Each structure stands twice: as C-alpha cells, then as structure tokens.
Amino acid sequence: MITSSILRRKSRMVIALLSIIVGATVVSGLLAIYFDIPRQLSQEFRSYGSNILFVTGKNQETIQKADLKKIEEILSEEDPTGISGFRYETVRMNEIPFTFSGTQLSQVQKTNPYWYIEGDWPDKKNEVLVGQEVADLFLLKEGTTYEITGETVDGTGITQKVKVVGILQTGGSEEEIMYGDLSILENLFPSTESGYDVIEASLPLKQAQLINAGKAVKQETNERVGYQIVKKLTDSEDSVSQKLTLLIFLVTLIVLLITLICVGTTMMSVVQERRKEIGLKKAMGAENKQIVQDFFGEGCMLGLCGGIMGIIFGYIFARIVSVQVFSRMISFHIGLIPITIALALFITLLASLIPVRSAIKVDPALVLKGE
Amino acid sequence: MNVLELENVSMKYKELFALQDIDLAVQKGNWISIMGPSGSGKTTLMNIIGCMSKPTSGKVVLDGSDISKENDKGLTLIRRDKIGLIFQQFHLIPYLTAVENVMVAQYYHSLPDEVEALQALERVGLKNRARHLPSQLSGGEQQRLCIARALINFPMIILADEPTGNLDEKMKKSSWRFSKNYTSRALRSSL
C-alpha cells in the first residue's frame with residue numbers, strides 16, 4: 001500500500017524525493033570532505049617541507065646512523081612522507097669556504113618537494129645539487145665536474161671531484177649550500193665521527209600527534225635524540241584545518257535545515273492533499289497510530305531511497321570538489337553510508353512530524369462530508 | 001433483539017439543534033431507509049450511529065453497549081469492527097486499484113487477504129476490474145466497489161449515506177437490490 005502510494009503519486013513524491021536527494025547529496029558530499037580535510041590538508045602542507053626536526057640530544061655531537069634507522073622504524077607506523085638526515089661541514093673550492101650538506105637526496109625529494117631544481121636531481125654518489133648563491137659565487141654550471149676540498153684533523157686537505165647536475169632555488173638559506181650524498185662528506189672528513197646534525201621528517205600528523213612521535217623517539221633513543229616541532233607550519237595547518245572543518249560543519253547544518261524545511265513543506269502539502277483519504281481510513285477504523293505508521297512508512301521509504309542516492313551523488317560531488325580544490329582524489333569513508341542514511345531518515349521523519357500531527361487531527365465526519 | 005437503540009439523542013451546534021430527542025430501534029436483518037429534506041439531520045444521525053460523532057445528549061446502544069460513553073479510541077474500534085460505510089461520493093483511494101481499495105478495509109480491520117478481497121469483488125461483479133484504478137471505473141462500478149469494501153469485514157450494521165445519489169436509475173436499482181440481498185442473507189442491518 002505504501003509502495004503504491006509512492007509509485008502512483010509520482011509528481012508529489014518525486015518533489016519530496018528530490019528534496020531529500022539534494023539534501024543528502026550535499027550533506028554526504030560535505031561530510032566526505034569534512035572527514036577528508038585533515039588528510040587533504042596534511043598532504044597539502046607536506047609540500048611545504050618537514051614538520052618535525054630531530055636534533056642531537058644531551059652530550060651528543062651528532063645523531064648516529066643507527067639512531068636514524070631507529071627513528072625510521074619508530075615513525076614507519078605513521079606513514080611518513082619522508083625522513084632525511086643532514087650533516088653540515090665547511091668545504092672549500094678554490095680556497096673559498098662554503099657549506100656542504102651530506103644527506104640522502106632520494107629522501108630530501110620527499111621531505112622538501114617545494115625545492116625547485118634547474119637540471120636534475122642527483123642520481124649517482126658523486127653528483128651534487130648546488131644552491132643558486134653558491135652557483136653564482138663559483139660560476140658553477142650544470143653537467144660540469146668540480147673539485148671540493150675537505151679537511152682532516154691534522155689539516156691535510158682531501159679533495160674529491162663532484163659533478164653538478166642541478167641548481168637549487170628555494171628563495172631561502174638552502175641556496176647557500178651544496179647538497180650531495182653523505183658518503184662525499186665521509187670521504188672528505190674521514191677522521192670526523194660520521195652521523196647527522198639534524199634529521200628532518202615530514203609526517204602526516206597533527207601537532208599533538210607530532211609531539212607524541214617526538215617523545216617516543218626521545219624515549220626510544222635514551223635521549224640521545226631530541227626533537228623540535230616546526231610550529232610555524234603545524235600551527236598554520238591546525239588553524240586552517242579547524243577553520244575549514246568548522247565552515248563545512250556550519251554549511252552542512254544549514255543544508256540539513258533547508259532540507260528539513262523543503263521536505264516538511266512537501267509532506268504538509270501531501271497531508272492537505274490527502275485529508276479525505278485520511279478521513280476515509282479513520283472512518284474505516286484506522287487508529288491514529290496506524291495513520292502515523294502509514295506516513296512514517298512513506299517517510300522511511302523516501303528517506304532510505306533519498307539517502308542511498310545521496311551517498312552516490314554526494315561522493316561524486318565530493319570528488320569534483322576535491323579535484324577542483326585540492327587537485328587530488330578524495331578517499332571514501334565507509335562510515336558515510338550509515339551516517340547519510342540515518343540523517344536522511346531522521347530529517348524525513350522529523351519533517352513529517354508536524355504534517356502527521358495534522359493528519360491525526362483530521363475529523364472523518366467533516367472531511368468525508370466535504371466541508 | 002435490537003442491534004441498535006437510540007434514546008433521546010440530540011445533537012446541538014451552538015444554539016442550533018441538528019437532531020432533537022431521536023428514538024430509534026433497529027433489529028437484526030432490518031433494512032431501513034431514513035428520508036427527509038436537506039438539512040434535516042440525516043448525515044448527522046449517520047455520523048452518530050457510525051461512531052464518527054458523539055451526541056450532545058442521549059444514549060446510543062450498539063450491540064448491547066452504550067457507545068455514547070466511549071472515547072475516541074473506543075469509537076474507532078467499534079467503527080472498525082461493527083460498521084460498514086457506503087458514501088454518496090464513493091471516497092475511494094485514487095492511487096489504489098479496486099482490489100487494493102478493498103484490502104485497505106481489511107488492513108485496518110485485521111489482515112489484508114487478496115483472495116478474499118477478489119471474492120468480494122466477484123460478488124459485486126467486479127472481478128475483471130480488480131486491477132483497475134477508481135478513475136478507470138464507471139460510477140456504478142465505483143459504487144459497487146464501495147459496497148464490496150463496506151462488506152469485506154462482515155459488519156454488523158451497514159450505513160449508506162445517499163448511496164445512489166450519483167447513480168443513474170438502472171444502477172440505483174442494482175445497488176439497492178444488492179444491499180438488500182446482503183442484509184437479509186447475512187442477517188445484518190442496513191440504514
């Protein structure tokens with residue numbers, strides 16, 4: 001009977017169903033974005049560089065390679081974007097000193113995706129990246145091999161040939177440095193203890209989670225390694241994330257309210273239209289609770305259909321928004337299915353409340369007489 | 001034994017009496033016509049007997065119990081179990097087929113039974129129109145559908161308010177004949 005009531009009164013029901021579908025679509029889409037915003041923003045902010053630094057702990061001159069391995073192990077659960085260690089030494093070229101950083105450039109590519117390289121990233125152990133200022137100072141060119149000199153404890157210079165494959169432009173202090181594989185520094189400074197001065201990590205975590213990760217590293221390395229949060233970055237990420245989620249939450253609420261009004265108005269007109277039918281049912285002995293069940297049954301079917309369609313359209317809507325705004329795909333949360341259906345049902349039933357109250361007040365004697 | 005008894009039943013709207021001190025006794029199997037000019041209170045009386053309105057004063061005894069003292073829920077249950085209604089304007093549900101319209105009455109009474117509903121339609125000569133919507137039926141067919149719906153739950157009293165007002169002479173006679181036959185066969189009362 002409920003199915004017939006919906007299927008054979010298409011025009012009115014299509015309007016009610018459309019209101020629910022539109023509402024459920026927008027709500028489902030916004031919720032998908034709402035749930036995905038922290039991940040999207042985290043990925044977005046990862047392109048601005050590392051958000052936690054690991055530095056030498058108490059009485060330590062460098063961070064040992066074994067500790068880097070340990071850090072990698074500890075952070076592996078957090079799905080790190082990249083972890084790169086840096087050792088800084090002063091080297092010379094034509095007797096002019098400048099800073100050389102030994103690192104793992106494959107990881108640096110991940111931790112610092114914002115680096116602009118004119119040329120290529122180094123591929124081999126003797127290939128280096130040169131900061132723009134260093135390149136200007138020494139008139140270095142891509143594809144050319146140069147000699148740089150390190151220094152041992154007794155002052156004997158050790159020289160190594162390095163090939164410049166790329167010029168680094170960041171607009172920051174990185175342009176004053178030459179970057180190459182850590183093994184270059186180990187060759188140039190054989191008597192110096194090998195290790196890192198700082199380890200940069202880029203993790204898809206919020207500030208509080210980063211602090212926990214830092215504490216875990218500190219504890220696991222017996223305080224040989226300390227940590228610093230890159231607050232400039234994490235504060236901005238948290239602030240933007242909070243504002244965006246609040247904005248989406250408010251928009252979702254407004255959409256829910258509008259849907260409530262639309263569905264409520266349609267249901268009210270449905271009741272007005274069916275006053276005679278309600279009167280007839282009451283005349284045939286329908287109790288108030290049966291009238292309520294009939295309307296809520298229709299409401300449930302509409303809410304269920306609207307909710308299911310809203311999930312599909314909502315995901316498409318969220319994908320379009322995500323691609324337009326964040327330029328990447330949105331992930332689908334399975335939890336959105338019950339949430340959207342429950343919200344669609346709740347809104348439909350809530351919107352039916354006033355019309356149903358009006359329906360049970362129908363006096364069969366009056367409406368069947370035609371008054 | 002009286003199935004229905006009315007004692008000094010009055011219905012007053014503000015200062016105006018729609019009914020005043022009505023007495024009536026109906027026995028099982030009686031077939032009664034109430035006639036009167038427009039505004040004489042026929043429909044008001046039908047509404048009181050049909051448990052859709054309560055009298056301002058007086059006593060209405062249906063099947064041994066005083067229905068004038070019942071609350072709304074009690075009246076609904078009596079209406080469901082003991083009354084069959086036939087209306088001048090048919091009041092069929094437009095989006096339900098003929099058989100579904102009959103099944104609505106079953107649904108609110110007990111359980112819908114399509115076979116039984118089809119048998120009821122067969123009795124009024126509408127079996128081949130069972131899957132048609134009311135808009136696809138003629139006036140006479142709609143009235144017979146109304147009769148099938150009113151009789152499906154075997155009511156104690158059938159109340160028909162100007163049941164043939166919308167029918168031509170031929171259909172009027174056919175409807176009267178059918179109602180009368182049912183009343184005498186099933187020992188029910190018709191007003």
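The values are calculated or read from the model by the stated rules, or taken from the named source; none is laboratory data. Remember, it's a predicted structure, so these values are computed and weren't measured experimentally. Here the Cβ positions follow ideal geometry from the backbone for every residue, glycine too, while neighbour counts run over all protein chains shown.
Residues in segment A:271-302 that are at the interface with chain B (Cβ under 7 Å from one of its Cβ atoms) and of a type outside the set (Lys, Arg): A:Glu277, A:Leu280, A:Ala283, A:Met284, A:Gly285, A:Ala286, A:Glu287, A:Gln290. B:Ile83 falls short on exactly one of the conditions (1) within 15 Å of B:Arg131 (Cα to Cα); (2) buried (at least 19 other Cβ atoms within 10 Å of the Cβ), and that condition is (1). Screening B:Leu92 against (1) at the interface with chain A (Cβ under 8 Å from one of its Cβ atoms); (2) assigned to a loop (DSSP other than H, G, I, E, B); (3) modelled with pLDDT of 85 or more leaves a single unmet condition, (1). For segment B:65-74, check the following and say yes or no: at least one residue is under 17 Å from B:Asp161 (Cβ atoms) and away from every other protein chain (no Cβ under 12 Å). No: zero hits. Filtered by the rule that a residue be surrounded by fewer than 18 Cβ atoms within 10 Å (Cβ to Cβ) and either over 13 Å from A:Glu200 (Cα atoms) or without any contact (Cβ under 8 Å) to a residue 24 or more places away in the chain (or both), segment A:90-112 gives A:Thr90, A:Arg92, A:Asn94, A:Glu95, A:Ile96, A:Pro97, A:Thr99, A:Ser106. For segment A:116-140, the candidate set comprises residues that are of a type in the set (Asp, Glu) and assigned to a loop (DSSP other than H, G, I, E, B); within that set, the residue that is surrounded by the most Cβ atoms within 10 Å (Cβ to Cβ) is A:Asp120.
Filtering B:Ser110, B:Ser33 for residues that are within 12 Å of chain A (Cβ to nearest Cβ), of a type outside the set (A, V, I, L, M) and either within 21 Å of B:Ile157 (Cα to Cα) or under 17 Å from the mean Cα position of the chain (by Cα) (or both) leaves a single hit, B:Ser110.
All of A:Thr265, A:Thr245, A:Thr259 fail the test of being buried (at least 21 other Cβ atoms within 10 Å of the Cβ) and of a type in the set (Val, Ile, Thr), apart from A:Thr259.
The strands (runs of 3 or more DSSP E) falling completely within segment B:1-80 that include 2 or more residues that are touching a residue at least 60 places away in the same chain (Cβ under 8 Å) and either in contact with a Lys or Arg (Cβ under 7 Å, 6 or more places away or on another chain) or surrounded by 12 or more Cβ atoms within 10 Å (Cβ to Cβ) (or both) map to B:2-13, B:16-27. Across segment B:119-165, what is the total count of residues that are surrounded by fewer than 18 Cβ atoms within 10 Å (Cβ to Cβ) and not in a loop (DSSP other than H, G, I, E, B)? So the answer is 8.
Yes/no matrix, rows are residues, columns are (1) in contact with a helix residue (DSSP H, G or I) (Cβ under 6 Å, 6 or more places away or on another chain); (2) more than 30 Å from A:Phe317 (Cβ to Cβ); (3) within 14 Å of chain B (Cβ to nearest Cβ):
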| site | (1), (2), (3) |
| --- | --- |
| A:Val26 | yes, no, no |
| A:Ala32 | yes, no, no |
| A:Ile37 | yes, no, no |
| A:Ile52 | yes, yes, no |
| A:Gln60 | no, yes, no |
| A:Ile71 | yes, yes, no |
| A:Ser76 | no, yes, no |
| A:Asn94 | no, yes, no |
| A:Phe98 | yes, yes, no |
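Entry remark, segment A:332-371: residues being crowded, with 18+ Cβ neighbours inside 10 Å, hydrophobic (A, V, I, L, M, F, W, C) and under 15 Å from B:Ser53 (Cα atoms) number 4 in total.
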